[in-house]
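Q: My questions all concern the structure below.
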Amino acid sequence: MNVKSIEKKGNEATIVVEIDKELMEVNPAERIKVAKQEKKQPIFLAGNEQDAFLGAIAPSDPNYDRDYALFLLMLTTGIRISEAVGINMRDINMDERTIQIRGKGRKERMAHLSVPCRNAIRQYIQNYRELILPLDTDALWVSKRNKERLTTRAVEKTMKKYIKKAGLNPD
């Protein structure tokens, strides 16, 4: 028996085996089943938990305007972290209170901005973003440290910090 190739498709691996017909009549690899990986479920916060989470973002924090606007947007629209960090300035229509979201599989949709969310984003743009970026960049959410688009990992770390500060269960 010689292994010809191993093909990977998603979470499943297929082993192509060359079997000497005289030695074996059954391919033993046919019985191998690959365990499916468990999908991580999103975290949902109840109303009082949302208030505690947003309350954990202290106005004295140097990133207050950005973090408050970002997490308020995520909580009120239900967008994913990856969708939030991909938002560009041109995706927001403040007058119509809409924002264009690019989701998984390059799907696009519009989300409605609540008045408090629109006001928080407007405050962030006025007080934070324009101070640190040249006018030619389009990313909405940026890092003060490296003046580049926020990464999903940076947002995850920041979110965990506020979850812990609010006394919420991170699981």
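The values are calculated or read from the model by the stated rules, or taken from the named source; none is laboratory data. Since the structure is predicted, the reported quantities are computational estimates derived from the model, not experimental observations. Positions of Cβ are generated from backbone atoms using ideal geometry, with glycine treated the same way; all protein chains shown enter the neighbour counts. All accessible areas refer to the heavy atoms of the entire protein, side chains included, with ligands and DNA or RNA removed. Shrake-Rupley method; radii C 1.70, N 1.55, O 1.52, S 1.80 Å.
Q: Could you give the length gained by full extension between GLU130 and GLU148, i.e. 0.36 nm per residue of separation minus their alpha carbon distance, to one decimal place?
A: 5.2 nm
Q: Let me ask another. Quick one: if you take sqrt(5λ) for each eigenvalue of the C-alpha gyration tensor of region 43-120, what semi-axes come out, biggest first, whole angstrom?
A: Details: eigenvalues 93, 43, 29 Å².
Output for region 43-120: semi-axes of 22, 15, 12 Å.
Q: What percent does the relative contact order of region 49-116 come to when contacts are Cα pairs within less than 8 Å and at least six residues apart? Working shown, then result.
A: On the way: 59 pairs, mean separation 14.3, N = 68.
Normalised by residue count, the contact order of region 49-116 is 21 percent.
Q: OK, next. With only alpha-carbon atoms counted, please give the Rg and Dmax of region 69-171, in Å.
A: 13.7, 40
Q: Given 0.36 nm per residue, what is the gain on full extension from LYS160 to LYS107 after removing their alpha carbon distance, in nm?
A: Values: separation 53, 0.36 × 53 = 19.08 nm, distance 2.76 nm.
16.3 nm is the gain from fully extending LYS160 to LYS107.
Q: Moving on. How high is the relative contact order of region 100-171, in percent, with contacts defined as C-alpha pairs under 8 Å that are six or more residues apart?
A: 12 percent
Q: Assigning unit charges at the beta carbon (Lys, Arg +1; Asp, Glu -1) and nothing else, what dipole magnitude in debye, to the nearest 20, does region 59-171 show about its Cα centre?
A: 420 debye
Q: With a probe of 1.4 Å, find how much accessible area region 51-171 has per residue, and write the answer as a whole number in Å².
A: For region 51-171, the per-residue accessible area is 58 Å².
Q: How much of the accessible area of region 106-168, in percent, comes from carbon and sulfur atoms when a 1.4 Å probe is used?
A: Here carbon and sulfur together make up 51 percent of the probe-accessible area.
Q: Take the alpha-carbon positions of region 88-134, form their convex hull, and give its projected area averaged over all directions (one quarter of the hull surface) in nm². Working shown, then result.
A: Details: hull surface 15.6 nm².
Reported value for the Cα convex hull: 3.9 nm².
Q: Turning to a different aspect of this structure: State, as an integer percentage, the relative contact order of region 38-171 based on alpha-carbon contacts under 8 Å between residues 6 or more apart.
A: 28 percent.
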